[in-house]
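The values are calculated or read from the model by the stated rules, or taken from the named source; none is laboratory data. Owing to the predicted nature of the structure, the values given are computational and were not obtained by experimental measurement. Don't worry about glycine lacking a Cβ; one is built from the backbone with ideal geometry, like all the others, and counts go over all protein chains shown. Each accessible area value is taken on the protein alone, full model and side chains, heavy atoms only, with ligands, DNA and RNA left out. Shrake-Rupley method; radii C 1.70, N 1.55, O 1.52, S 1.80 Å.
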Amino acid sequence: MKTINVSELEGVALDYFVCKAAGLLDAYPQHKRPLSFATHWRSAGSKYLHPSTDWANGGPIIEKEDIRLFPDMMAVTTERGTEVYKKQGWKAQETATAYWIRKPVFTGPTPLIAAMRCYVASKLGETVEVPEELA
């Protein structure tokens, strides 16, 4: 097992932890073991196993958990000295219930990856133990 930050999760490992956080692994006991999950995910796979790439799976989680998505912008100075903003990915944040509560922001190359990282961190913490089969 290897401990990594949720902000680094992607692919099969991210989908595994989204399913774990959502309790989907209990509904499909054959996928509770990481090796079984990874094998199924890398093959044709079922739709329920791809929340970080399929809006039909990730969208309802975003809506239910009230996760806010916005572009991750970076200021760049052009040769003329003009400052412009370029999108370099996406940010996701849980909507706070009170204005003084500052929730962590998670980034990703796509809105779904950013949102699913945010979801996993909100349910399982900002670091997770990743089994070798998922690395």
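From the list TYR85, TYR119, the one residue that fits, being among the aromatic types (Phe, Trp, Tyr) and closer than 21 Å to TYR16 by Cβ, is TYR119. Restricting attention to region 2-56, and to residues there that are open to solvent by 90 Å² or more (accessible area, probe 1.4 Å) and at pLDDT 65 or above, which single residue is nearest to the chain's Cα centre (by Cα)? This residue is GLU10.
Taking the criterion of being at pLDDT below 90 and of a type in the set (Gly, Ala, Ser), the residues of region 90-135 that qualify are ALA96, ALA98, ALA135.
Quickly run through region 76-110 and pick out the residues that are farther than 26 Å from LEU9 by Cα and loosely packed, with under 10 Cβ neighbours inside 10 Å. Quick ask: steps written out before the conclusion?
Of the residues in region 76-110, the ones farther than 26 Å from LEU9 by Cα are 76-85, 97-100.
Selection gives THR77, THR78, GLU79, ARG80, GLY81, THR82, GLU83, THR97, ALA98, TYR99, TRP100.
Pairs linking a residue in region 15-31 that is acidic (Asp, Glu) to a residue that is modelled with pLDDT of 85 or more, with Cβ atoms under 7 Å and 6 or more positions apart or on different chains, are ASP15/PRO51; ASP15/SER52.
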